[in-house]
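I have placed the structure first, in the form of structure tokens, so that the comments after it can refer back to it.
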Amino acid sequence: MTERRRFEGRSVIVTGAGSGIGEAAAHAFAEEGALVTIAELDAGKGEAVRDAILAKGGKARFVPTDATIEESVKAMIEAASAAHGPVRHAFNNVGAAKPGSLEDLSLADWDWTIRISLTSTFLAMKHEIPVMKANGGGTIVNTASMSGRIFTPSAPPSYSAAKAGVIHLSQFASCAHAKDNIRVNSVLPGLTATPQIAGMFTLEQQADVAAEHQVIHRCVQPWEIAATVLFLSSDDAAMITGRGIEVAGGGAHGG
């Protein structure tokens, strides 16, 4: 029996694809036949992911992209469509935060976090949706966070607010564009073993946080998020839209 490749020949964008969840998703899409556009600010990381996919026989190109600048996002989507055909699937995965409590967080750090973790998602969808509408539809998955749904003391308030915004923006888009055959969902990772988390917590601290907030006491792996993203993007999930899917080891029990 021939293995089914769910994204054979389809044009796919992955933003923030240079490491962690985005990197895992870019590889997973390519392994299932997608024509992957790697959108990443760090050229070294983006090129490395592209080269790794090409070395395995996949199809990918790298487009340097600042996800917080509208002209850069628009140009990336145009380049993806020109090279691989109209974008059919998008995984918008950009996010970061500056630390600080409600009392201590500066307005500049608040604005920086909101711009990277929420505005980037708005800009991506603003320019992805017209392409999908003009070409019969598509799917969008946005990376939110469990901290956008429940209180997580390790997440700054700006990041929690931004990711709550991603959840609701995704739901809004799903309702507004169901008529256009565009499905929009979000994924809510729990504590995930990414380079960013490795820079924040030791392995022992990661285990402690997972044990405190999840019923499965380990970090989520990036490939586990990627598997959920591919399912939500695939025809297998044709009746799933407007949902925020938790991939968090039962993390919501604390909410």
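The values are calculated or read from the model by the stated rules, or taken from the named source; none is laboratory data. Note that the coordinates shown come from a computational prediction; the quantities given were computed from them, not determined experimentally. In this analysis, Cβ positions are derived from the backbone assuming ideal geometry, glycine residues included, and neighbour counts consider all displayed protein chains.
Brief remarks follow.
- Given (1) surrounded by 17 or more Cβ atoms within 10 Å (Cβ to Cβ); (2) at pLDDT below 80; (3) in a helix (DSSP H, G or I); (4) within 20 Å of the chain's Cα centre (by Cα), index of the condition Val229 fails: (2)
- The one condition in (1) under 17 Å from Ile13 (Cα atoms); (2) assigned to a strand (DSSP E or B) that Leu188 fails to fulfil: (1)
- Considering the conditions (1) in a helix (DSSP H, G or I); (2) without any contact (Cβ under 8 Å) to a residue 40 or more places away in the chain; (3) farther than 30 Å from Thr241 by Cβ, Asp109 is excluded by exactly one of them, (2).
- Residue check for Glu23: at pLDDT 95 or above, over 22 Å from Arg6 (Cα atoms) and of a type outside the set (A, V, I, L, M): no
- Yes/no for Leu35 being modelled with pLDDT of 95 or more, under 24 Å from Ser234 (Cα atoms), of a type in the set (A, V, I, L, M, F, W, C) and under 20 Å from the mean Cα position of the chain (by Cα): yes
- Contacts under 7 angstrom Cβ, first residue in the range 238-251 being within 14 Å of Leu188 (Cβ to Cβ) and at pLDDT 80 or above, partner of a type in the set (Gly, Ala, Ser) and part of a loop (DSSP other than H, G, I, E, B), 6 or more apart: Gly244/Ala144; Val247/Gly190; Ala248/Gly190
- Residues in the range 153-192 that are under 19 Å from Glu212 (Cβ atoms), crowded, with 20+ Cβ neighbours inside 10 Å, more than 15 Å from the chain's Cα centre (by Cα) and not polar (S, T, N, Q): 1 in all.
- Hey, Glu23 under 18 Å from Gln221 (Cα atoms), touching a residue at least 12 places away in the same chain (Cβ under 8 Å) and among the charged types (D, E, K, R) or not: yes
- Residue-level analysis places Phe122 outside the set of residues that are among the aromatic types (Phe, Trp, Tyr) and either on the phi > 0 side of the Ramachandran plot or assigned to a loop (DSSP other than H, G, I, E, B) (or both).
- Annotation: Ala178 fulfils all but one of (1) more than 22 Å from Thr113 (Cβ to Cβ); (2) assigned to a helix (DSSP H, G or I); (3) modelled with pLDDT under 95; the unmet one is (3).
- Identity of the residue in the range 6-60, among the hydroxyl-bearing types (Ser, Thr, Tyr) and assigned to a strand (DSSP E or B), that ends up nearest to Val73 (Cα to Cα): Thr15
- Summed over the range 26-35, the residues that are without any contact (Cβ under 8 Å) to a residue 40 or more places away in the chain and surrounded by 24 or more Cβ atoms within 10 Å (Cβ to Cβ) give a count of 2.
- Selection count where residues are buried (at least 24 other Cβ atoms within 10 Å of the Cβ) and either under 14 Å from the mean Cα position of the chain (by Cα) or part of a helix (DSSP H, G or I) (or both), scope the range 133-147: 9
- Among residues of the range 52-85 being closer than 22 Å to Gln221 by Cα and surrounded by fewer than 18 Cβ atoms within 10 Å (Cβ to Cβ), the one that is nearest to the chain's Cα centre (by Cα) is Ala52.
- Of the residues examined, Glu128 is one that is among the acidic types (Asp, Glu) and buried (at least 18 other Cβ atoms within 10 Å of the Cβ).
- Close pairs from the range 214-236: first of a type in the set (Val, Ile, Thr), partner surrounded by fewer than 14 Cβ atoms within 10 Å (Cβ to Cβ), Cβ under 7 Å, at least 6 apart: Val215/Gly250; Val215/His253; Ile216/Gly250
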